[in-house]
Every structure is written in structure tokens, then in C-alpha cells.
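The values are calculated or read from the model by the stated rules, or taken from the named source; none is laboratory data. The structure presented is a predicted model; accordingly, all values stated were derived computationally and were not measured. Positions of Cβ are backbone-derived with ideal geometry, glycine not excepted, and every protein chain shown enters the neighbour counts.
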Amino acid sequence: MSIRVDKGSAELWPKTGRLLDAREIQEAVRKAGFTPNGIEATLTGQISSDGGKMVLAVGESGESVILRGESKLKELPEEKLQRVVVTGRLESELPEGHHGHPSVLHLRSFKLIESTAGQ
């Protein structure tokens, strides 16, 4: 973890293939005497659809986040979405019917990772 008090930020790196819980991060920031101003996250995973919503599955843990602002991703063929890096604002949310996805990522940017299969 890297904390930059002068810039009002902290950088956290979870174990590979795991998600950070936005609620836990915000609570830890409050307990340290600061006011959380949001969480900017960059995640790598595979995109799929769950009940009409796009979700990003991270690693083999089965953890995933709901993606918002994903209209450009919906235009891409499914095979292009096997591996992708997404960046955006991470928030806690428990939308109805998605209790397995407590976090939502408001997509700001994404980058496709080219497949290395057969190389």
C-alpha cells in the first residue's frame, strides 16, 4: 500500500485475482480520520452478461463487479471481451437481484488484451 497524504490519495494492490471491497476501504479511510472522496480502480478480467447487465469477472475467485457506462463494450463481438482492463470509479451498491455483485464500476476507459492462444 502507498499513502500520499500530500496528494490525498492511497494506492492499494489486492492479491492477484481478488477484488477490494469499496465499503471496507471507505470505512478504513473514515476510521483513520479522513473523508473518502471516491475510489478509482483499474481491474483486469473477463466480461460477460448477467441478467442483462455486463459484469467483469476477476480472476478465478468468481468475484465480479457490475459495469456501468459500458455502451462501447456492448458494440464489440463477444470473443473480443475475453480479457479486458477497465478503469473507473468503484462504488458499493447492492442492486436488486445482484447480491453477488456488491460493487459497481462506472467505466471511464477500457483496453482489450490480445489473446496469446496458439503462440
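Among the strands (runs of 3 or more DSSP E) confined wholly to region 1-72, which include 1 or more residues that are modelled with pLDDT under 85 and closer than 18 Å to ARG83 by Cα? Even if it seems obvious, please write down each step before you answer.
Numbers: elements: 2-4, 9-11, 39-50, 53-58, 63-68.
In region 1-72, 39-50, 53-58, 63-68 are the strands (runs of 3 or more DSSP E) which contain 1 or more residues that are modelled with pLDDT under 85 and closer than 18 Å to ARG83 by Cα.
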Quiz prompt | Leading residue by the ranking (modelled with the lowest pLDDT) among those in region 73-119 that are farther than 13 Å from THR44 by Cβ and β-branched (Val, Ile, Thr) | solution = THR116
Practice problem: Kindly indicate the residue of region 46-73 that is touching a Leu at 6+ places or on another chain (Cβ under 9 Å) and either at positive phi or among the charged types (D, E, K, R) (or both) and also surrounded by the fewest Cβ atoms within 10 Å (Cβ to Cβ) among those meeting that condition. | Solution: LYS72
Exercise. Would you mind telling me which numbered condition in (1) crowded, with 16+ Cβ neighbours inside 10 Å; (2) out of contact with any helix residue (DSSP H, G or I) (no Cβ under 6 Å at 6 or more places or on another chain) LEU90 fails?
Key: (2)
